Structures are given as structure tokens and as C-alpha cells.
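Below: one structure, written as C-alpha cells.
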Amino acid sequence: MGVCTYAPEMQPGDVVVVRGMGATGVALPSVPRLPFIPQAVVLERDAPSAPGVRYELRVDDPRAAVLAMGRYARQASSARVIGVTGSAGKTTMVAMLSHILGLWGVTGSSRASANTHVGIAWNLASMPRDAAFLAVEMAIGGMRRNTALVRPDVAIITNIAPAHLEYHKNVDEIARRKARIFDGMSHGGVAVIFADMPQYDIFANAARSAGLRIVSYGRHPGADIRLLNYIATEKLVELSVRGRSLLFRNGAPGEHMALNAAGCVAVLDALDAPAAAAGPFFALFRPVRGRGEVIDAPAGDGCVRVVDESYNANPASMAAALQLVREISPPVAGGRRVLALGDMLELGPDSAALHAGLKPHVEACSADLILLCGEQMAALRDVLESRAAVVWTPTVTELLPRAGELLRSGDLLLVKGSAGVRISELVRALRERQIAIGA
């Protein structure tokens, strides 16, 4: 039924790839502890057998085998394939597309944010054989290889922001490298491009050079799919779809989620699907864990309302999350707004300035308490002039007990930071009642 290279994502009926000399696959000692018995295992030729598994496929290189299975799955699929890339919002866009496209047929989508070459191959080999659509997340790293594997019919660019600047010179260079997604597309495919970003022309020119049709979306007056209005209290989204009004409620709060919905409608436009039919279905969408999910974590006789944005962070996604928390109410009248912000990693030599640059977004939240975590967040601590109490800790290990002391039942808490900072541990601790909340 599929391929497993990552134990937490194993599904019934999977073939399991056993890790050899490289990093791809499940460690051999972990195979007996998998949640399901593998249909078969893929192993290096001289590797020991996996206990309890009847069928083996022995290969020279398990990583090459995964890539071969991904290529075969893509060649065998008759699905329309949507490639998703951008600096932020890729996983949410894939999830929303999968949800909406399900109205028109079986839809497969990337799991576990596996968006580099081997992860893409694993995902392609694990998607439903009868899928009408595939939504595939694609990272900037090795984009030419990624797009040669995926060969999208439609490519959507969610945005460009300062991210991974340790590896790329500037945001324009990031745009040019992400535009390589068009290299794997057939003449006549469709490029769906976020119209509000300064790098729009870089993508549009690259798409035209590749012989692609362009559909634009965003708030820009010239966008084909234009966000006219977003009413936060009602989560009401008003779009202009090539001049026709489309009004619906979005299940995920925030203007950035309204723009994601506009991107989904732009993909429907690219696929010649009637966008009006999808309107009511947007209300049923819920954010992915770590990417805007709102949970009420038990605390004393009440709860702490947590906006979980803990999966990752860059300046653009941080600004969007800080805007989002302004739109959400605490669980009780008079409840406090609390921010728990972790370092944004891989920002290169401008990291301190980019962290300090969050100041206006943070102060616009009118937070009562600000918890900062990580060495880079010291730059933001040093410039804040908020009336809120500001607490800084260098690591999440030190943050957790302080959060327990300072949080109260009835608080609204935003948790946001890069995955490497592990600020998601705060969300997990609150979910599992592993820290005692102050009265």
C-alpha cells in the first residue's frame, strides 16, 4: 500500500525501508517495534534479516531504491499533480488543498513535511494509486531534482521571506532558486503565484520562459484571485474570482489563512474546477498541529488557550502568527495575552537585526507577558519597550519551569519558534499537564 522510511508515519500495508550505511530508512532494531508488521523490508544486500518479516528485497542502496519507487509511482499516476513551494505555509497549503480537492476526487498529499528529494519520493510512493490529485510539498534544496521527480501540472508559490539565509545570499536569490520548480513542468502547465510579494516578477518571468500560464492571487489589485476583505471575528473571507464575488467562512483563523484559501481557489481556477462549490467546504478545514492549531490545555479549574505555531519560524511567519493572536480571544473575559517566542534559525549575519525587527509586531499584540527563548531572541529583548513583563531564557529547558510559574488559567498563549529551538516542548508539556500552572 505504501512505503515507510520514517517509523512515526508507518501505515498498514507499508513496505519498510531499513536504514543501511546512509541515513534513509528505519533502524533495523526498530522494525519489531513498528505499529504494524511490514509487508516486506528493503535492505542492503549484506544486512541482517529483520525478525518477523517474511519478505525481503535486497538492494545495493536503500536510498536509491526509495528514489526509484518514487519515480515509478509518479510515472504510473494519472493524477493531476500540484507542487507547493514557498518560504512559509507550504505544509498548511498542502493540507488545505488536500481538504478542498477531495470534493473532486481522491487526493494524496505529502506527510510529515517531507519535502526534499528522498522525502518526496517516499511520499509519492505512498500516495493512493487511484488519486485524482496529488499535492506535494517541495523544498528549495535540490529544487531541480525535486521538480524532475514531481513534474507538477500546477505549481503554487506561497510567498518569499528571509529564511535559510545561511545558505542563500538574499531573498531574490531564494526566489530564483525556488523558481526552478518550473523547470520540471510541461509547456502549458500553470504557475500559481502570490501577487503581493516583491519577487513576483522573478517568478512570473521564469514561468513565462517555461511556457506556463500564470494565475495570481493575493490582495494586489491586479490579482486574478483577489482577497477583498477578511473579517476576523467571523473568519469571513471575501474574494474576487476573476471579477465574481465569492464569500465563505474559513475554518482556520487569521488573514494569512484567508490568503491560503485564496491560493487554493487559484489552484481550482488553474484546474478549471468551479471555485463556488468549494466555498462551504473551507469552513470545515482545521489547522495542522504546530501550524496555527488552537487548543485549550487544562490548567487548574480552567485552561490555557494555546495557539500552537511551534513547528517553525521565519520573519514572515512570525509576523503572521503575531497578527493571528490579536484576533483570538482568551478563554475567559479579562484573560491575559502571553507570547512565547523562540529563535528564528538559519537567518545568517542579519539574524540579530531580523529578530529586533519583530518589535512593532510584538508590541502591536498588547501582550501582558512575553517569554523569549534562545540566544537570538536576546536581540528582541533588548529593544522591546512594551508594558508587558519580559522574561528571557537561553533554552527551552529553562523556559518550562518559568512558564509554569508565570502562566495562569484563563491565559491566551501564542507559542512560535523554529523547530531547532524545541519550543514545541512547551505545547507538549501543557497538553500533558507536565508543568504546574500558577493560580
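The values are calculated or read from the model by the stated rules, or taken from the named source; none is laboratory data. No experiment lies behind these values; they were computed from the predicted model shown. Note: ideal-geometry Cβ built from the backbone for every residue, glycine included; neighbour counts use all protein chains shown.
Within the range 308-319, track down each residue that is assigned to a helix (DSSP H, G or I) and surrounded by fewer than 24 Cβ atoms within 10 Å (Cβ to Cβ).
Result: 315, 316, 319.
Please work out if residue 201 is touching a helix residue (DSSP H, G or I) at 6+ places or on another chain (Cβ under 8 Å), part of a helix (DSSP H, G or I) and surrounded by fewer than 20 Cβ atoms within 10 Å (Cβ to Cβ). If you could, list the steps in order and put the result at the bottom.
Values: touching a helix residue (DSSP H, G or I) at 6+ places or on another chain (Cβ under 8 Å): no; part of a helix (DSSP H, G or I): yes; surrounded by fewer than 20 Cβ atoms within 10 Å (Cβ to Cβ): yes.
Answer is no for this residue.
Does any residue in the range 186-205 that is within 16 Å of residue 272 (Cβ to Cβ) and assigned by TED's automatic domain parsing to the domain that holds residue 135 come within less than 6 Å, Cβ to Cβ, of a residue that is surrounded by fewer than 23 Cβ atoms within 10 Å (Cβ to Cβ) and not aliphatic (A, V, I, L, M) six or more places away or on a different chain, and which pairs are these?
So the pair list comes out as 189/153; 190/213.
Does any residue of the range 56-75 turn out to be of a type outside the set (A, V, I, L, M), more than 28 Å from residue 20 (Cα to Cα), modelled with pLDDT of 95 or more and surrounded by 14 or more Cβ atoms within 10 Å (Cβ to Cβ)?
no
Can you find, within the range 386-410, the residue that is modelled with the lowest pLDDT among those that are closer than 19 Å to residue 336 by Cβ and among the charged types (D, E, K, R)?
My answer is 387.
Can you tell which of 328, 370 is modelled with pLDDT under 95 and either of a type in the set (Val, Ile, Thr) or outside the structural domain of residue 414 (by TED's automatic domain parsing) (or both)?
Just one listed residue meets the conditions, 328.
Farther than 30 Å from residue 308 by Cα and either crowded, with 21+ Cβ neighbours inside 10 Å or of a type outside the set (A, V, I, L, M, F, W, C) (or both): which single residue out of 42, 26, 53 fits that description?
Within the list 42, 26, 53, the selection yields 42.
Return yes or no: is residue 414 closer than 20 Å to residue 320 by Cα, buried (at least 18 other Cβ atoms within 10 Å of the Cβ) and in contact with a helix residue (DSSP H, G or I) (Cβ under 7 Å, 6 or more places away or on another chain)?
Values: closer than 20 Å to residue 320 by Cα: yes; buried (at least 18 other Cβ atoms within 10 Å of the Cβ): yes; in contact with a helix residue (DSSP H, G or I) (Cβ under 7 Å, 6 or more places away or on another chain): yes.
Yes; evaluated as a whole, the condition is true for this residue.
Among residues belonging to the range 209-235 that are buried (at least 17 other Cβ atoms within 10 Å of the Cβ) and hydroxyl-bearing (Ser, Thr, Tyr), point out the one that is nearest to the chain's Cα centre (by Cα).
Out of the qualifying residues, it is 217.
Does residue 343 qualify as being modelled with pLDDT under 95, closer than 15 Å to residue 315 by Cβ and outside the structural domain of residue 171 (by TED's automatic domain parsing)?
Details: modelled with pLDDT under 95: no; closer than 15 Å to residue 315 by Cβ: yes; outside the structural domain of residue 171 (by TED's automatic domain parsing): yes.
Here the answer is no, as residue 343 does not meet what is asked.
Condition check ((1) over 17 Å from residue 307 (Cβ atoms); (2) part of a loop (DSSP other than H, G, I, E, B)) across all residues:
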{"residue": "350", "(1), (2)": "yes, no"}
{"residue": "362", "(1), (2)": "no, no"}
{"residue": "366", "(1), (2)": "no, yes"}
{"residue": "384", "(1), (2)": "yes, yes"}
{"residue": "391", "(1), (2)": "yes, no"}
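Among the residues of the range 217-233, write down those that are touching a Lys or Arg at 6+ places or on another chain (Cβ under 9 Å) and modelled with pLDDT of 95 or more.
Hits for the range 217-233 are 217, 218, 219, 220, 224, 225, 226, 227, 228.
Which condition number in (1) surrounded by fewer than 24 Cβ atoms within 10 Å (Cβ to Cβ); (2) within 20 Å of residue 4 (Cα to Cα) is the one that residue 127 fails?
With (1) surrounded by fewer than 24 Cβ atoms within 10 Å (Cβ to Cβ); (2) within 20 Å of residue 4 (Cα to Cα) applied to residue 127, the lone miss is (1).
Please verify whether residue 217 is farther than 23 Å from residue 328 by Cβ and among the hydroxyl-bearing types (Ser, Thr, Tyr), treating the condition exactly as stated. Quick ask: steps written out before the conclusion?
Numbers: farther than 23 Å from residue 328 by Cβ: yes; among the hydroxyl-bearing types (Ser, Thr, Tyr): yes.
The answer is yes for residue 217.
Looking at the range 364-387, which of the residues that are of a type in the set (Gly, Ala, Ser) and in contact (Cβ under 8 Å) with a residue 24 or more places away in the chain is nearest to residue 429 (Cα to Cα)?
Going residue by residue through the range 364-387, those that are of a type in the set (Gly, Ala, Ser) are 364, 366-367, 374, 378-379, 386.
Narrowing further to those that are in contact (Cβ under 8 Å) with a residue 24 or more places away in the chain: 364, 366-367, 374, 379, 386.
Numbers: 364: 28, 366: 25, 367: 22, 374: 18, 379: 27, 386: 27 Å.
Of everything passing the filter in the range 364-387, 374 is nearest to residue 429 (Cα to Cα).
Among the candidates 348, 334, 342, single out the residue that is in contact (Cβ under 8 Å) with a residue 60 or more places away in the chain, out of contact with any Gly (no Cβ under 7 Å at 6 or more places or on another chain) and within 30 Å of residue 259 (Cβ to Cβ).
Of the residues listed, the single one that is in contact (Cβ under 8 Å) with a residue 60 or more places away in the chain, out of contact with any Gly (no Cβ under 7 Å at 6 or more places or on another chain) and within 30 Å of residue 259 (Cβ to Cβ) is 348.
Every residue, every condition in (1) farther than 18 Å from residue 157 by Cβ; (2) in contact with a helix residue (DSSP H, G or I) (Cβ under 9 Å, 6 or more places away or on another chain); (3) modelled with pLDDT under 95, yes or no:
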residue: 94; (1), (2), (3): no, no, no
residue: 102; (1), (2), (3): yes, yes, no
residue: 106; (1), (2), (3): yes, no, no
residue: 122; (1), (2), (3): yes, yes, no
residue: 125; (1), (2), (3): yes, yes, no
residue: 131; (1), (2), (3): yes, no, no
residue: 135; (1), (2), (3): no, yes, no
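Across the range 266-284, what is the number of residues that are assigned to a loop (DSSP other than H, G, I, E, B) and either more than 19 Å from the chain's Cα centre (by Cα) or buried (at least 20 other Cβ atoms within 10 Å of the Cβ) (or both)?
5
Working carefully through the options 53, 17, 41, 26, find the one that is without any contact (Cβ under 8 Å) to a residue 24 or more places away in the chain and either in contact with a helix residue (DSSP H, G or I) (Cβ under 9 Å, 6 or more places away or on another chain) or under 21 Å from residue 124 (Cα atoms) (or both).
26
Mind listing just one residue for me: the one in the range 211-234 that is of a type in the set (S, T, N, Q) and assigned to a strand (DSSP E or B) and, of those, nearest to residue 184 (Cα to Cα)? So that I can check it myself, show each step before the final result.
Our first condition is that a residue be of a type in the set (S, T, N, Q); within the range 211-234, this holds for 216, 229, 233.
Next, from what is left, pick out any that are assigned to a strand (DSSP E or B): 216, 229.
Values: 216: 20, 229: 35 Å.
Selected residue: 216.
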